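Chemist: This is the structure I want to talk about, given as structure tokens.
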Amino acid sequence: MNVMHKVIIIDYGSQVTQLIARRVREAGVYSEIHPCTEAASAIAALKPDAIILSGGPSSVTDADAPPYDPGLIDLGVPVLGICYGMQLLAHNLGGELAASEDREYGRAELEFLAESPLWDGLDRKALLTVWMSHGDKVLAPPPGFTAIGRTPNVDYAAMANEEKKIYAVQFHPEVAHTDQGERILHNFLFKVAGLSSSWTMSSFVDTALAESRDTIGDAGVICGLSGGIDSTVVAVLLNKAIGKQLTCIFVDNGLLRLNEGEEVVGYLRKHFDLNLRYVDAADLFLSRLEGVEDPEEKRKIIGHTFIEVFDKEAKTVDNARFLAQGTLYPDVIESVSFKGPSAVIKSHHNVGGLPETMNMDLVEPLRELFKDEVRKVAVELGLPDFIVWRHPFPGPGLAIRIIGEITAERLHILRQADKIVQNELVASNWYRKVWQGFAVLLPLKTVGVMGDDRTYENVIALRVVDSVDAMTADWSRLPSEILARISNRIINEVKGVNRVVLDISSKPPSTIEWE
Ligand code: XMP
């Protein structure tokens, strides 16, 4: 990526390393995460303007502690060590650590001990609430370092070698629980390292267009369009870069929400003049799913059928050398462990399995971006809200929201119910506040009354969750009037449903989807 300034984050395994990268990028500075096994010479080749050493779960004195390359300090660029990163600096530059069995976890009050550019703009007379999560702590700083902050438990909660521009904090400025954490990170970037804010999504789009043209030349590119934001942004971006050299393929598997295929495809054709093929394969998918109840079996059948249909269509595209994918930065870093490359590949990957079977080169123009950045690129490219803010939708679609067997009738019921959920979330302005909201059709019937008659009909479960990355989630506290409206409308308007229940489980231990 051709950027003005670059911050390299060395990952020692903290669960919040990605947050550091996001905070730096939100400040308008490009950042990349690299595993701690990378040699300082490899990091030097990236020409970093500053380095941040992340936190991590280990103790620096553990026999199998993540490695630290002293050459990182010799690069002469400003360094910020966070938590484990601080302990590494103390340990390796001649300070002293106190090992501890007990972790300090939670809020602490930081007292400022000295003036420092790191504290610029903060009220140095007041205490600052910071977030701690550590075992070991610094007992004596290395030569050249002074304490610039302490907490009741930790005498060296922040230390600095102002001359060499090496800073270290025991707390986590990247998490929201640390007051003014963002300001502290900004101070490191702008006051200490003297960087400027130049990472914007319009600069990204310009570079991505040039790089895509460069890589692709005059070859053909195929892009699987799912209707989700990632693949849509890839398609629109590449369309801008290479026009008709791009062929987008949208496979309708018969498991989409009501009118979903037509809405997305229709919009893109009309407004972006995409070279787009709509493949209606609903009958094939549904016939193969007949009588199948096991969720993993459903996923397997859908996955294989998708590859088969996609591959067949792709073979009819002339000169196609590249396959475009909406891989994002978290997919890239999560497939490499902080201890170096490993075979861990994220499961729910967009179009898993395609590249291996198709023998094509990959183009992944979004592989440096976080999800929130993809949304900004979408806006930059002129995509409308209904695409930019679309909830994630699983590849196997409604198949994993119909518990048990999938039939045309059950698909019809779920689509009607789900449409009401979507409409009401949008109408009440809750759609953008929640991560995902949808209806699930249960494999049981219950008794109800309608007029003088007893009914024996289907149950719909309502699942609405808050999340930041789908790894954990909690059920959304929707106001009861909205829940009442959704329930009333589904029972009154969807023939075949006489009961609506609300899912109030969090993930873990539950999952977002029901299958
Ligand atoms: P779970 O149910 O595992 O879902 O909590 C986490 C996120 O992944 C989506 N999901 C899938 N996406 N294929 C996909 O492409 C799948 O088989 C699949 N299963 C779950 C889910 O919608 C949520 O966003």
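The values are calculated or read from the model by the stated rules, or taken from the named source; none is laboratory data. Everything quoted here is computed from the prediction, not taken from an experiment. Neighbour counts are summed over all protein chains in view; Cβ atoms, including those assigned to glycine, are modelled from backbone coordinates with ideal geometry. Each accessible area value is taken on the protein alone, full model and side chains, heavy atoms only, with ligands, DNA and RNA left out. Shrake-Rupley method; radii C 1.70, N 1.55, O 1.52, S 1.80 Å.
Chemist: Are there any helices in the chain, counted as whole DSSP H runs, that stretch 30 Å or more along their axis by Cα and score at least 0.5 on average by Kyte-Doolittle, and if so which? If you can, show how the numbers build up before the last one.
Modeler: Working: long enough: none.
The answer is none, since no helix passes both cut-offs.
Chemist: What's the center-to-center distance, using Cα atoms, between the stretch 251-265 and the stretch 294-317 in Å?
Modeler: Answer, in whole Å: 16.
Chemist: Another question about this same structure. Compute the Cα gyration tensor for the stretch 6-192, then decide on rounded, prolate or oblate, letting a ≥ b ≥ c be the square roots of its eigenvalues: rounded whenever a/c is under 1.5, prolate when a/b is larger than b/c in the other cases, and oblate in all that remain.
Modeler: Cα axes put the stretch 6-192 in the rounded bin.
Chemist: Additional query: Using the alpha-carbon centroid of each, what span in Å lies between the stretch 458-479 and the stretch 1-50?
Modeler: What the calculation gives is 33 Å, centre to centre.
Chemist: Cross-link partners among aspartates and glutamates for LYS495, C-alpha distance below 14 Å, same-chain residues fewer than 8 apart left out?
Modeler: GLU409, ASP418, GLU457
Chemist: My understanding is that a pair violates if its Cα-Cα distance is over 25 Å; which of LYS137/LYS507; LYS191/LYS376; LYS164/LYS191; LYS47/LYS137; LYS433/LYS507; LYS244/LYS315 do that in this structure?
Modeler: Over 25 Å Cα-Cα: LYS137/LYS507; LYS191/LYS376; LYS47/LYS137.
Chemist: Please give the peptides 440-451, 190-201, 241-252 ranked by average Cβ packing (other Cβ atoms within 10 Å per residue), highest first, as a rough proxy for protection.
Modeler: 241-252, 190-201, 440-451
Chemist: While we're on this one: So what's the net charge close to ALA114: Lys and Arg +1, Asp and Glu -1, counting the other residues with Cβ under 12 Å from its Cβ?
Modeler: That sum, taken over residues with Cβ under 12 Å, equals -1.
Chemist: Computed from the mean reciprocal separation of all distinct C-alpha pairs, what Kirkwood hydrodynamic radius does the stretch 211-262 have, in Å?
Modeler: Final number for the Kirkwood radius of the stretch 211-262 is 11.9 Å.
Chemist: Heavy atoms only, probe 1.4 Å: what % of the accessible area of the chain goes to carbon and sulfur, would you let me know?
Modeler: Roughly 50 percent of what the probe reaches on the chain is carbon or sulfur.
Chemist: Can I ask one more? Using a Cα-Cα cut-off of under 20 Å, which lysines could be cross-linked to LYS339, ignoring same-chain neighbours fewer than 8 residues away?
Modeler: By straight Cα distance, LYS339 reaches no lysines at all.
Chemist: Loop only per DSSP, at most 15 neighbouring Cβ atoms within 10 Å: give me the GluC sites (Glu not before Pro) in the stretch 385-432, ordered by residue number.
Modeler: In loop regions of the stretch 385-432 (DSSP not H, G, I, E or B), the sparsely surrounded GluC sites (Glu not before Pro) are GLU405.
Chemist: Given a cut-off of 29 Å, what percent of all Cα-Cα pairs of the stretch 82-237 lie beyond it?
Modeler: That fraction is 38 percent.
Chemist: Further question on the same structure: Tell me the Rg and the Dmax, in Å, that the Cα atoms of the stretch 406-502 produce.
Modeler: 13.9, 48
Chemist: Let me ask something else about it. Accessible area per residue, 1.4 Å probe, Å², for the chain: what's the number?
Modeler: 45
Chemist: May I have the extent of the alpha carbons of the stretch 201-388 along their three principal axes, as whole Å values ordered from largest to smallest?
Modeler: 51, 47, 34
Chemist: Let me ask something else. Percent relative contact order of the chain, based on C-alpha pairs within less than 8 angstrom and at least six residues apart?
Modeler: 11
Chemist: While we're on this one: Please report the Cα spread of the stretch 161-287 along all three principal axes, rounded to whole Å, starting with the longest.
Modeler: 67, 37, 23
Chemist: Here is a follow-up. Mean 1/r over all different Cα pairs, inverted: what Kirkwood radius does the chain give, in Å?
Modeler: 25.6
Chemist: I would also like to ask the following. Given Cα pairs under 8 Å that are at least 6 residues apart, what percent is the relative contact order of the stretch 201-388?
Modeler: 27
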